[in-house]
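Engineer: Take a look at the following structure, please.
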Amino acid sequence: MRSLSKVSSFAGALFERKLHFEFEMVPLTVNRPSLPQLLALITTEAGRIFPRPSVSGLPSVLQLEPANVCNLSCPLCPSGRRALSRPLEMMPLDLFDQLMVELGGGLSLLILWGWGEPLLHPQLPEMIQSAKRYGTAVITSTNGQLMTSDLADRLVRSRLDAIIVAVDGATEETYRNYRVGGSLEKALGALDMIHEAKARRGSSTPLVNLRMVVTRSNEEEIPLMREIAIRHRADLLTFRGVSMTDLWDDEDDSRYVPCDSSRSLYRYAGGNRVKTGEYVCRRPWKRATVACDGSVVPCEMDYANSEAFGVFSADSSFARIWNGASARKFRRAFLRDRMQFEFCARCPFNDRVTEDSTLERYETKHDLFDNNLR
């Protein structure tokens with residue numbers, strides 16, 4: 001979630017009793033935000049502006065990994081490359097429920113994905129229902145390969161706010177070039193099943209965002225993606241830049257970054273990515289990240305859980321972990337020099353020259369009928 005200054009109107013949250021914000025350009029709303037939610041927003045923003053080793057209060061945003069298992073082999077993903085060094089598992093529902101008991105009241109946003117496919121978790125709709133009891137906005141993301149009519153119905157009934165369906169190619173061949181092991185037909189079928197489930201229940205949610213990561217192999221198919229978004233009745237179409245890390249070989253940039261520089265997150269000179277050194281990170285203050293085994297980590301890029309603050313369990317306290325000795329030690333070292341940590345040194349945000357990784361958004365009912373989409 002963007003900083004408090006980017007929230008549409010914090011005053012509106014107080015007086016209109018609605019908190020409007022965007023996450024990855026997907027609009028979300030918390031109706032009748034509670035006092036704990038508002039206080040968590042304030043303390044989180046204070047920690048972002050005035051970072052210290054210790055934090056005040058609990059986080060307003062939580063990113064949680066339901067599973068670190070994936071059914072595809074996407075080439076730029078650690079899970080897709082089978083590079084995760086931790087056991088493959090799923091978060092037990094009772095552990096998730098316990099986490100919500102402690103954090104749910106103050107959360108404005110729950111991001112349900114990590115290094116795996118969320119729909120592989122058989123109790124994902126129950127997780128969403130658990131979080132929605134606290135008035136939290138919930139968003140998840142999927143490759144759509146596992147969607148069924150029954151699962152789409154369960155997701156609609158869970159009151160999920162928004163779902164991203166990743167479709168990174170408008171033709172089967174291009175799609176499979178990046179979503180290795182997947183099927184474009186199945187991904188588009190997921191869009192249809194969600195729309196039909198919403199229609200059956202007369203529901204306006206979840207908001208469906210058809211998202212395309214723009215790469216060198218699919219950038220010419222952007223006009224076709226507009227037609228697909230309309231045909232399959234997505235609510236939004238977004239284009240995201242491909243995030244590059246320093247983890248893989250040097251040829252990845254030339255292989256995946258689009259030729260159209262306006263759709264690249266980075267600047268290049270002489271075929272090499274320009275090192276900007278300008279990115280200021282406040283992730284360890286503004287968003288809590290919990291892996292599927294309960295590990296509380298500084299950031300999702302620490303996918304090996306190498307700098308975990310602690311492990312949330314049945315007999316632990318998240319607050320003590322979030323502001324504990326390990327967390328304070330990490331934040332202190334992070335403020336001195338975050339590049340000493342491997343996952344920070346390889347972070348795809350380091351050289352980014354755009355404000356957001358999502359570059360463009362179009363509403364299918366309005367924008368996509370214009371002729372301004374390049």
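Engineer: Which is within 26 Å of P36 (Cβ to Cβ), touching a residue at least 40 places away in the same chain (Cβ under 8 Å) and of a type in the set (D, E, K, R), of E126, E102?
Structural biologist: E102
Engineer: Could you tell me which residue of region 199-231 is farthest from A166 (Cα to Cα), considering only residues that are in contact with a Lys or Arg (Cβ under 9 Å, 6 or more places away or on another chain) and surrounded by 20 or more Cβ atoms within 10 Å (Cβ to Cβ)?
Structural biologist: By that ranking, first place goes to P206.
Engineer: Restricting attention to region 307-344, which residues are within 25 Å of G116 (Cα to Cα), surrounded by 17 or more Cβ atoms within 10 Å (Cβ to Cβ) and charged (D, E, K, R)?
Structural biologist: E307, the sole residue that qualifies.
Engineer: Quick check on region 205-220. Is at least one of its residues farther than 23 Å from P66 by Cα and part of a helix (DSSP H, G or I)?
Structural biologist: Yes - at least one qualifying residue is present in region 205-220.
Engineer: Of the numbered conditions (1) among the charged types (D, E, K, R); (2) closer than 18 Å to R48 by Cα; (3) part of a helix (DSSP H, G or I), E300 satisfies every one except a single condition; which is it?
Structural biologist: (3)
Engineer: What tally of residues in region 175-198 results from selecting those that are over 10 Å from Q145 (Cα atoms), open to solvent by 20 Å² or more (accessible area, probe 1.4 Å) and assigned to a helix (DSSP H, G or I)?
Structural biologist: Residues meeting the conditions: 8.
Engineer: Another one. Say we look at region 273-306 and pick out the residues that are touching a Cys at 6+ places or on another chain (Cβ under 9 Å) and within 18 Å of M339 (Cβ to Cβ); which of these is most open to solvent (accessible area, probe 1.4 Å)?
Structural biologist: The residue in question is Y279.
Engineer: Further, regarding this structure: Working carefully through the options F312, F330, F318, F349, find the one that is modelled with pLDDT of 95 or more and over 23 Å from M91 (Cα atoms).
Structural biologist: F330
Engineer: Here is a follow-up. Taking the conditions exactly as written (of a type in the set (A, V, I, L, M, F, W, C), within 18 Å of the chain's Cα centre (by Cα) and either closer than 21 Å to R287 by Cα or open to solvent by 40 Å² or more (accessible area, probe 1.4 Å) (or both)), does V101 satisfy them or not?
Structural biologist: Values: of a type in the set (A, V, I, L, M, F, W, C): yes; within 18 Å of the chain's Cα centre (by Cα): no; either closer than 21 Å to R287 by Cα or open to solvent by 40 Å² or more (accessible area, probe 1.4 Å) (or both): yes.
No; evaluated as a whole, the condition is false for this residue.
Engineer: Is it the case that some residue within region 235-243 is free of Cβ contacts under 8 Å to residues at least 24 places away in the same chain and either outside any helix (DSSP H, G or I) or open to solvent by 20 Å² or more (accessible area, probe 1.4 Å) (or both)?
Structural biologist: There is no residue in region 235-243 that is free of Cβ contacts under 8 Å to residues at least 24 places away in the same chain and either outside any helix (DSSP H, G or I) or open to solvent by 20 Å² or more (accessible area, probe 1.4 Å) (or both).
The values are calculated or read from the model by the stated rules, or taken from the named source; none is laboratory data. Keep in mind it's a predicted model, so treat the numbers as computed, not measured. For neighbour counting, all protein chains shown are included, and Cβ atoms are generated from backbone atoms with ideal geometry for every residue, glycine included. Side chains are part of the model used for accessible areas, which takes the heavy atoms of the whole protein and leaves out ligands, DNA and RNA. Shrake-Rupley method; radii C 1.70, N 1.55, O 1.52, S 1.80 Å.
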